[in-house]
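Input: a single structure, listed below in structure tokens.
We did not get these values from a lab; they are worked out from the coordinates using the rules stated. Only a predicted model underlies this, so the values are computations on that prediction, with no experimental measurement involved. Here the Cβ positions follow ideal geometry from the backbone for every residue, glycine too, while neighbour counts run over all protein chains shown.
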Amino acid sequence: MNEQGTKDQTVSGHPSPGGERPVYILAVETSCDETSVSIVRDGQEILANVVSSQIETHQRFGGVVPEVASRKHVESITWILAEALEKAGLRPDQLSAVAVTQGPGLVGSLLVGMVAAKAFACAMELPLIGVHHIAGHIYANQLVHQLKYPLMALVVSGGHTELVFVESEGRFRIIGQTRDDAAGEAYDKVARALKLPYPGGPHIDRLAHEATEAVTLPRAWLEPDSYDFSFSGLKSAVLAVLNQAGMKGIALEPSAVARGFQDSVIDVLVEKSLRAVEAFGAKQLLLAGGVAANKGLRARLEARCAEAGVPLLAPPLSLCTDNAAMIAAAAFLKYRRGQFAPFDMKAEPLLKLEAWSV
Ligand SMILES: Nc1ncnc2c1ncn2[C@@H]1O[C@H](COP(=O)(O)OP(=O)(O)OP(=O)(O)O)[C@@H](O)[C@H]1O
Ligand SMILES: [Mg+2]
């Protein structure tokens, strides 16, 4: 047994890890509100990446409704699995393994992917690999870049904001994380206050770019040596500015609020990331998670990394938000080491990244 509680085993009848035959991993991702199945060759080449988003369903509620999300996953998972196989032009017996997001995420959503992946792997007699969702976001970069270790990853998503030091392939250490809201969560909450649709991140990003002025808002630097983040104070500051303007009858430009908020988030994310890269001697800075799609964040990181002579790696926008290709990319690390999961693997809504290390 390894730290994750999964069994290390090799499976006869399939390409041996590190062997010369191509490795085709079919991966399933259902941790939140995207149902996705992908097939990736050798951890790098995407043959199919089918993503079905439930955003339209959840939009009218202003956020993801967990019960609705699970039901939608049940409705679509088998169709999406069939579509991925068809797009990749592969038969199930040509696959090497089945990977699935084990956690973290919404338990009802994770369970649907877990049951689908287990049933498929069992029927096809394929080995099973459980994947940490954030390892997936980080290794989305491997689908488009050559990684060099040690590296630093800035993970900014709907549920996480973390600086992760990756000393060698698949070995993670969280050196800083949010003490309250995740960056994406703060974007979505501020967007709601500005009456923008869910998810709010892309709308704030767009408004911030159109802005001609910016509302002044605080930066949460925390203790001088800390790599942690905090965004709930900033969110409260935005709400206070909007309330005060409302009481005084002043019409605040939403773009000025969006710009002020985005500037504050970016300042802290960028400066802490660069400080971490230098302190840990990282060879690359990786950007990961849904908020990595943010144009302002990318532009500022590019400029600061160029100044500091640090290569910045970021996935294309389609691989920033949830998708199963990133789960297949991370699963390949375990496949090569023969670290397969038992068929009684559980969905773990609070799975720890460090515990998932290879
Ligand atoms: N251009 C953008 N600017 C800022 N935020 C964005 C942008 N595009 C997407 N986001 C935000 O990214 C988040 C979704 O990212 P992602 O799909 O990685 O999160 P998640 O899967 O819900 O959370 P986690 O990965 O932590 O479980 C949302 O909060 C959304 O508002
Ligand atoms: Mg995600």
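Does segment 201-220 contain at least one residue that is within 16 Å of ligand 2 (Cβ to nearest atom) and buried (at least 24 other Cβ atoms within 10 Å of the Cβ)? Yes: one or more hits. Number of residues in segment 226-258 that are in contact (Cβ under 8 Å) with a residue 40 or more places away in the chain and in a loop (DSSP other than H, G, I, E, B) equals 6. Just one of the listed residues (Leu313, Leu317, Leu274) is aliphatic (A, V, I, L, M) and in contact with a strand residue (DSSP E or B) (Cβ under 7 Å, 6 or more places away or on another chain), and it is Leu313. Across segment 172-188, the number of residues qualifying as more than 14 Å from Leu269 (Cβ to Cβ) and of a type in the set (Gly, Ala, Ser) comes to 0.
Of the residues making up segment 180-199, those that are within 14 Å of ligand 1 (Cβ to nearest atom) and within 19 Å of Ala245 (Cβ to Cβ) number 7.
Of all residues in segment 322-349 being part of a loop (DSSP other than H, G, I, E, B) and in contact with a strand residue (DSSP E or B) (Cβ under 7 Å, 6 or more places away or on another chain), which is nearest to ligand 1 (Cβ to nearest atom)? Show your work before the answer.
So the first thing to find is which residues in segment 322-349 are part of a loop (DSSP other than H, G, I, E, B), and the list is 322-323, 337-340, 342-349.
Narrowing the set further to residues that are in contact with a strand residue (DSSP E or B) (Cβ under 7 Å, 6 or more places away or on another chain) leaves 322-323, 340, 343, 345, 347-349.
Details: Asp322: 4, Asn323: 9, Phe340: 24, Phe343: 25, Met345: 19, Ala347: 13, Glu348: 13, Pro349: 10 Å.
Restricting to residues being part of a loop (DSSP other than H, G, I, E, B) and in contact with a strand residue (DSSP E or B) (Cβ under 7 Å, 6 or more places away or on another chain), the top hit is Asp322.
So which residues in segment 38-60 are touching a residue at least 24 places away in the same chain (Cβ under 8 Å) and part of a loop (DSSP other than H, G, I, E, B)? Within segment 38-60, Asp42, Gly43, Gln44 qualify. Do you know which residues across segment 314-330 are buried (at least 24 other Cβ atoms within 10 Å of the Cβ) and hydroxyl-bearing (Ser, Thr, Tyr)? The one that is buried (at least 24 other Cβ atoms within 10 Å of the Cβ) and hydroxyl-bearing (Ser, Thr, Tyr): Thr321.
Can you confirm whether segment 165-179 contains a residue that is in contact with a Gly (Cβ under 9 Å, 6 or more places away or on another chain) and either loosely packed, with under 15 Cβ neighbours inside 10 Å or not small (Gly, Ala, Ser) (or both)? Lay out the reasoning, then the answer.
Let us first name the residues in segment 165-179 that are in contact with a Gly (Cβ under 9 Å, 6 or more places away or on another chain), namely none.
No, every residue in segment 165-179 fails to be in contact with a Gly (Cβ under 9 Å, 6 or more places away or on another chain) and either loosely packed, with under 15 Cβ neighbours inside 10 Å or not small (Gly, Ala, Ser) (or both).
If you filter segment 90-121 down to residues that are β-branched (Val, Ile, Thr) and in a helix (DSSP H, G or I), you find that the one that is farthest from the chain's Cα centre (by Cα) is Val115. Restrict the check to segment 211-225 and report whether at least one residue is part of a helix (DSSP H, G or I) and within 16 Å of ligand 1 (Cβ to nearest atom). There is no residue in segment 211-225 that is part of a helix (DSSP H, G or I) and within 16 Å of ligand 1 (Cβ to nearest atom). Checking each residue in segment 138-164 for being surrounded by fewer than 21 Cβ atoms within 10 Å (Cβ to Cβ) and within 16 Å of ligand 1 (Cβ to nearest atom) picks out only Gly159.
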